[in-house]
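Below: one structure, written as structure tokens.
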Amino acid sequence: MSTDPNQAVACRTVDAEERSLLGRVLDRIADHCRARSLFVLHYCTGCGAIELPPTMTSRFDLERVGMQPMVTPRQADILLITGYLSVKTLKRVVMTYEQMQGPKYVIGLGSCTINGGMYWNSYATIKLLDRYIPVDNYIAGCMPRPEAIQQVFLDLMGRIDRGEAQAWKDYYRRYDWYLGQQQQLFGTNWQAPTDVVGEAIRYRLVGEQTLGSHTAHLERYAPYYDQLGIIRPEPARMKARPQLEVVSR
Amino acid sequence: MRPENYKPVQHSASHEYELYFGPNHPGIEGNYALKCVLSGDVVQSLRADGGYLHRGFEKIMEERLWIQNVALVPRICVPDPVPMEETYARAVEMLGGLEIPKRAQWIRALMLEASRVCAHLFYFGGHAATMGMYSNMFWGVTDRDLILDIFEEITGARIYHMYITPGGVRRDLPEGVLDRLSKVLDYVESRLPEFDNLFFDNAVVINRATGVGTLTTEQALSWGVTGPNLRACGLPFDVRRDDPYLIYDELDFDIPTETAGDAWARTLVRREELLQSIRILRQIIATLPKVGGPIRCALPNPLAWNVPAGSVYARTESSKGELGFFVVSKGGAKPWRVHVRGPSSMHAVHVLERLGPGSRLEDVAQIMFSLDACPPEVDR
Amino acid sequence: MNRELESLDAVFREMPDLKVEHTGPRRTRIQVEADALPTLLELLKGRAGYLHLSAISCVDWPDTEEFELVYHLWSYQVSNLISAHTRIPYDPGRYVSVYDLHAPAVYFERDIHEMFGVWFEGCPDQEPFILTEWQGPPPMRKSFDTVAYVNDTFEWREYQPEWANDPSGGKG
Ligand code: SF4
């Protein structure tokens, strides 16, 4: 099977430049539409969750900006992290995040997601959310008021509309780094069930740091990593392996 | 999951299967998980899995000054934070032998009861939502917001007030707030008939909730059930009356009970309690202008405050049950040990695990909500 | 006060050398040896109506290398709360479960086992509940230093004073 999307999809070979131009226009239109209909998955990880019911119900009424709570990650656009994250929850958050389909956006609510907040000296909670998943917007405050939550939604909508909210791509481009941070907490054998590298190939978002020493142990599940046209840094831990040759297509 | 990665687990042939309920699930209250073993849709056994909200409260409280902990304690229980502040403050006062001025006691009771009204309004919405009825949620949350506005006026914050400090309260009530509170109470009371039409007199709801998660009186006593859940089994026990604190012995209120002990009885008890809280608040509103005096007793320099050594167990009736703080001081600038006995710790683990088996899967969320289990309090 | 202590008469007759102290309205403190505590709880429950086990607290005393266990019992009849204090040594850090007397004890004992590492003989359930994904020592012990652990494990955000002027962080 051909893995080249240009050949697999179109009958004729599309010239790369033409494709990217068309793609950009379509993306902009899609972004514009998407910004007006967002589904929010709120994971009640912390106390900030208590301000969400007022935001969503009649008084502050989130629906008038086209947002609705969504109960499953696969249909959601926004992952709302509503406060402090214990390490145990972070694991579930990473899995939830990886299940969401791109484009996806993450909002960190409250000072706990920014720098640990009140619980800066707690052994159980993480301090910097953006070390583990990419974050688009933060809301400062402990806890943020519904008005602040709405403001951040409007801000995010504007950024999606302008095509600026691209943090999710960073997860694919630098997956090795994110995975490394996660492994630091969960142990070196940690991996989520989602095939992030496969998705990165699919979205054509493979970057220089997608693969590296931390993703090395994923390879035994996915032999096709070797056939990628990617220049990969020689991982320090894989001494036994022969020098990989760069396959050009 | 990658297909290469998938290894089917070999089970012996059985009609049972395991289902993970939560932690991120709309039917569950907060960030909490249940592992159910089911046969068909009947729960065979149920295991609670907590710790998703663990912050190590008891540990980090030992690392902070007595006065710094005032900011930390309300965060133990999110929907009903005021009893946490009150219990901690009272424990410190008992240790330090502080006498709280009368006016501060009345203001604290006002805060406690207003918080109970909030928590119960939230509860009605939550219980209805577990049956797929969301209008109640919208109403309850919106009415609760009116009380949050009063809180904001008094304390400057909507949810976490940090208003009740050891020795009294942080500042006096603003001008005219009692009138506004009394208007809000009138409004909340006038809304109750509408709640009745929608929820409490709704035949579908009644049928759906009766006989679900029934606790007998003996079970309730031996499993350590407290609060409205105990009163729904016919036992009129209330910390406010039996172990009175603040000025509760000067107030006139009833302790509503039901006898059925099921989810519906628990909801009815809370509806009645809402009315009782409004009654208490009215008494407070009538009395408070006559109670003068300071709002705080003289405190030592809070940054260099060594609370005398000793240990106390302070208890409060929160909207969920009996809340206890066991505080040990070694005479230092920081607490030596704080143990929080959250009412939900009993309800969400011990009771839920025993009530679950035999019920239907669709009722599990309802049982959990009707016990008003609050996960942050379990995990601390 | 007397009504509360009178109700304990039957208990005193069986265990004459208890140290009882009245510490406040509706609060009684009893200091008891570790081997006598289960008997005390049984007598309190059977003869004096202390049915409700409100909590079991554990306090770590590294100076004497002891854990202090405190059983808070409430009587619905006389409205009194007894705190029964007892001490057990670090080594071996074992004690008996009172699960057969008070069913709620299982939750508190599980919690203490998790947070302090005390083993309760006869407790039906001491599996990890909160710290299922924790590899370190029991965190509530005084010897565990949470600040040092946090400094080792997590990074801190660098503080940039100009954020205060531009809350969006220069992004927009
Ligand atoms: S920022 Fe404040 S309100 Fe939000 S989760 Fe942290 S402590 Fe709770």
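The table for this structure:
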| read-out | value |
| --- | --- |
| Number of the exception - A:Thr113 against (1) within 11 Å of chain B (Cβ to nearest Cβ); (2) in a helix (DSSP H, G or I); (3) within 16 Å of the ligand (Cβ to nearest atom) | (1) |
| Scope region B:156-173; condition away from every other protein chain (no Cβ under 14 Å) and over 19 Å from the mean Cα position of the chain (by Cα); matching residues | B:Thr165, B:Pro166, B:Gly167, B:Gly168, B:Val169, B:Arg170, B:Arg171, B:Asp172, B:Leu173 |
| All positions within region A:116-150 that are more than 20 Å from A:Arg92 (Cα to Cα) and of a type in the set (Val, Ile, Thr) | A:Ile139, A:Ile149 |
| Every residue from region A:89-110 that is of a type in the set (Ser, Thr, Tyr) and either modelled with pLDDT under 85 or away from the ligand (no atom under 16 Å from the Cβ) (or both) | A:Thr96, A:Tyr97, A:Tyr105 |
| Qualifying residue in region B:302-309 (condition: within 14 Å of chain C (Cβ to nearest Cβ), at negative phi, open to solvent by 10 Å² or more (accessible area, probe 1.4 Å) and modelled with pLDDT under 85) | yes |
| Filter result for the condition that a residue is part of a helix (DSSP H, G or I), touching a Cys at 6+ places or on another chain (Cβ under 9 Å), modelled with pLDDT of 85 or more and more than 15 Å from the ligand (Cβ to nearest atom), over B:Arg144, B:Arg116, B:Arg90 | B:Arg144 |
| The listed residue being assigned to a loop (DSSP other than H, G, I, E, B), closer than 30 Å to B:Gln366 by Cα and either open to solvent by 20 Å² or more (accessible area, probe 1.4 Å) or within 15 Å of the ligand (Cβ to nearest atom) (or both), out of B:Pro74, B:Pro79 | B:Pro79 |
| Some residue of region A:7-19 being at pLDDT 80 or above, surrounded by fewer than 20 Cβ atoms within 10 Å (Cβ to Cβ), away from every other protein chain (no Cβ under 14 Å) and assigned to a helix (DSSP H, G or I) | no |
| Residue list for region C:88-121, restricted to those being over 14 Å from the mean Cα position of the chain (by Cα) and closer than 23 Å to B:Ala220 by Cα | C:Tyr99, C:Asp100, C:Leu101, C:His102, C:Ala103 |
| Spans of helices (runs of 4 or more DSSP H) in region B:335-380 with at least 2 residues surrounded by fewer than 24 Cβ atoms within 10 Å (Cβ to Cβ) and more than 10 Å from chain C (Cβ to nearest Cβ) | B:361-370 |
| Region B:196-216: number of residues that are of a type outside the set (A, V, I, L, M), touching a helix residue (DSSP H, G or I) at 6+ places or on another chain (Cβ under 9 Å) and more than 12 Å from B:Leu268 (Cα to Cα) | 5 |
| Filter result (within 12 Å of the ligand (Cβ to nearest atom) and outside any loop (DSSP other than H, G, I, E, B)) within region A:44-79 | A:Cys47, A:Gly48, A:Ala49, A:Ile50, A:Glu51, A:Leu52 |
| Residue ID - most open to solvent (accessible area, probe 1.4 Å), chosen from residues in region A:143-181 that are under 26 Å from B:Val78 (Cα atoms) and in contact with a strand residue (DSSP E or B) (Cβ under 7 Å, 6 or more places away or on another chain) | A:Ala148 |
| Any hit, region B:162-181, residues being within 16 Å of the ligand (Cβ to nearest atom) and β-branched (Val, Ile, Thr) | no |
| Qualifying position, being on the phi < 0 side of the Ramachandran plot, modelled with pLDDT under 85 and surrounded by 15 or more Cβ atoms within 10 Å (Cβ to Cβ), among B:Asn5, B:Asn24, B:Asn69 | B:Asn24 |
| Test for B:Arg240: is it of a type in the set (Lys, Arg), under 21 Å from the mean Cα position of the chain (by Cα) and open to solvent by less than 60 Å² (accessible area, probe 1.4 Å) | yes |
| All positions within region C:115-150 that are at the interface with another protein chain (Cβ under 9 Å from one of its Cβ atoms) and part of a helix (DSSP H, G or I) | C:Met115, C:Thr146, C:Val147, C:Tyr149, C:Val150 |
| Region A:48-68 residues that are more than 10 Å from chain B (Cβ to nearest Cβ) and among the small types (Gly, Ala, Ser), paired with ones that are assigned to a helix (DSSP H, G or I) and away from the ligand (no atom under 16 Å from the Cβ) (beta carbon under 9 Å, 6 or more apart) | A:Gly66/A:Met157 |
| Lone qualifier among A:Gly102, A:Gly198 - being farther than 30 Å from B:Glu62 by Cβ, within 11 Å of another protein chain (Cβ to nearest Cβ) and either open to solvent by 10 Å² or more (accessible area, probe 1.4 Å) or in contact (Cβ under 8 Å) with a residue 24 or more places away in the chain (or both) | A:Gly198 |
| Residue list for region C:15-37, restricted to those being within 13 Å of chain B (Cβ to nearest Cβ) and farther than 24 Å from C:Tyr95 by Cα | C:Glu21, C:Thr23, C:Gly24, C:Pro25, C:Arg26, C:Arg27 |
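Residue by residue, here is whether (1) in contact (Cβ under 8 Å) with a residue 40 or more places away in the chain; (2) open to solvent by 10 Å² or more (accessible area, probe 1.4 Å); (3) within 14 Å of chain C (Cβ to nearest Cβ) holds:
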site	(1), (2), (3)
B:Cys36	yes, no, no
B:Gln44	yes, yes, no
B:Asp49	no, yes, yes
B:Glu63	yes, yes, yes
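The values are calculated or read from the model by the stated rules, or taken from the named source; none is laboratory data. On a predicted model such as this, the values are computed, not experimentally measured, just so you know. Every residue, glycine among them, receives a Cβ derived from its backbone with ideal geometry; neighbour counts consider all protein chains shown. Ligands, DNA and RNA are stripped out before the accessible areas are found, and what is left, the full protein with its side chains, is counted by its heavy atoms. Shrake-Rupley method; radii C 1.70, N 1.55, O 1.52, S 1.80 Å.
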